[in-house]
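Below is one structure, written out as structure tokens, with a few remarks after it.
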Amino acid sequence: MSDNPLVNLEGLTKPVSDLGIALIDKIGDATGILYEPTRIKRRAKAEAKAAKIQAEAKIEITDLQQRTLRRWIEEEVQRQESIEDIITKSFNKLNDDADPNAIEDDWIIKFFDKGRLITDNKVQDLWASILAGEANSAGSYSPKTLTTLADMNQKSLSLFNTFCSLCVVSLMDPHAFLKSPSNFKIGDARVPIIRGVMIDTATVRGPGKSLEQFSQKSQSMYQQYGFGINEFQLLLEHGLIQDETYNYYPHFWYDNELYIPLNPSAITPPKEEDVQQITISGFRLSSVGRELFHIAKRENPPEYLESLIDFLQEYYDVKIYRIPKSQESS
């Protein structure tokens, strides 16, 4: 059991692991935050503290001051509940090799300064994933990411989840992914929407159609998922995506599968010389967006993948080839 006087694990429905206790201790040492999931006692303690302050000061307070004090109690109880909810939700997200002591104190202070205001259950779960992720690998989430996330509402979070569900990803090391599909680092990730700008003109390879036709076709793919220019603009304003850049894709990852573009005449299994790199433009995840990608609630619609592959093959005049599972496990 923890020696931290601010920690009281009484009342938890499940025992806390040693790593969970280490995380509690680290949070308490960095912030002085009381972690006490015995919720029935909180309000009484807050009220008793307020009464004690008043008695020790031997002061008379007005009705307005009474209302102010009551509001303070309500706010503090709610903030403490939010903090404890996030901590509790983080326990089952800790890896066996997590190291809570590696988290910087300043990061923890900033995390709970922002997280104590979160009351929505789903959003708290996201914050818990970030707390556990930082314990699993210190430095995974920048202070800028915490600020960005704190400024987002349910609508922008939902849009971000959808954006991540529609992203194609260029991996830092596709060979590492093939050896261990659950672990991969993102080099670039974007929604390959064509808007008829100069970048798109430079990348088009498909025969027989104008850039305007390709632009209309690509935009229609995203409109059915609720994405028009206003939705992209909202994510731009939050700093989660960047506009009109491009990157070279010798492969792309989508929904835990790896694909490569090939010369249209290539036979399968392909040879190395058959691989045809494509230049994908469109909205890309920012550095903050890439940090949040792995904990986004992605729902990859299979019909979107079919439409996307058809579009990429036509636009770039390539053959999109999925690397078989048998090769992934070898």
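The values are calculated or read from the model by the stated rules, or taken from the named source; none is laboratory data. All values derive from a computational prediction rather than experimental measurement. Every residue, glycine among them, receives a Cβ derived from its backbone with ideal geometry; neighbour counts consider all protein chains shown.
Check segment 282-295 and report whether any residue there is of a type in the set (S, T, N, Q) and in contact with an Asp or Glu (Cβ under 9 Å, 6 or more places away or on another chain).
no
Among the numbered criteria (1) surrounded by fewer than 20 Cβ atoms within 10 Å (Cβ to Cβ); (2) of a type in the set (Gly, Ala, Ser); (3) closer than 30 Å to Ile130 by Cα, which single criterion is violated by Gly289?
All conditions pass for Gly289, except number (1).
For segment 245-254, check the following and say yes or no: at least one residue is among the aromatic types (Phe, Trp, Tyr), at pLDDT 90 or above and within 19 Å of Val288 (Cβ to Cβ).
no
Regarding segment 291-302, can at least one residue be identified that is in a strand (DSSP E or B), of a type outside the set (Lys, Arg) and out of contact with any helix residue (DSSP H, G or I) (no Cβ under 8 Å at 6 or more places or on another chain)?
Looking through segment 291-302, none of the residues is in a strand (DSSP E or B), of a type outside the set (Lys, Arg) and out of contact with any helix residue (DSSP H, G or I) (no Cβ under 8 Å at 6 or more places or on another chain).
Starting from segment 102-121, take each residue that is farther than 22 Å from Gln78 by Cα and list its partners that are among the basic types (Lys, Arg) and at pLDDT below 95, counting only C-beta distances under 7 angstrom and pairs at least six apart or across chains.
Between residues of segment 102-121 that are farther than 22 Å from Gln78 by Cα and residues that are among the basic types (Lys, Arg) and at pLDDT below 95, the close pairs are Ile103/Lys26.
Looking at (1) more than 25 Å from Ile241 (Cα to Cα); (2) touching a residue at least 12 places away in the same chain (Cβ under 8 Å), which one does Thr148 not meet, given that it meets all the others?
(1)
Conditions (1) modelled with pLDDT under 90; (2) assigned to a loop (DSSP other than H, G, I, E, B), marked per residue:
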| position | (1), (2) |
| --- | --- |
| Ile260 | no, no |
| Pro264 | no, yes |
| Ile267 | yes, yes |
| Phe283 | no, no |
| Leu312 | no, no |
| Tyr321 | no, no |
| Ser326 | yes, no |
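Taking Lys52 and the conditions (1) at pLDDT below 60; (2) among the charged types (D, E, K, R); (3) outside any helix (DSSP H, G or I), which numbered condition does it fall short on, given that it satisfies the others?
(3)
Pick out the one residue from Ala135, Ala98 that is in a helix (DSSP H, G or I), at pLDDT 80 or above and closer than 29 Å to Phe293 by Cβ.
Ala135
If we keep just the residues of segment 115-167 that are within 26 Å of Gln223 (Cβ to Cβ), touching a Phe, Trp or Tyr at 6+ places or on another chain (Cβ under 7 Å) and among the hydrophobic types (A, V, I, L, M, F, W, C), which is surrounded by the most Cβ atoms within 10 Å (Cβ to Cβ)?
Here the answer is Cys164.
Every residue in segment 168-192 that is in a loop (DSSP other than H, G, I, E, B) and in contact with a Lys or Arg (Cβ under 6 Å, 6 or more places away or on another chain), please.
Met172
All but one of (1) surrounded by fewer than 18 Cβ atoms within 10 Å (Cβ to Cβ); (2) more than 21 Å from Asp200 (Cα to Cα); (3) in contact (Cβ under 8 Å) with a residue 12 or more places away in the chain; (4) out of contact with any Ser or Thr (no Cβ under 7 Å at 6 or more places or on another chain) hold for Glu299; which doesn't?
Answer for Glu299: the failing condition is (4).
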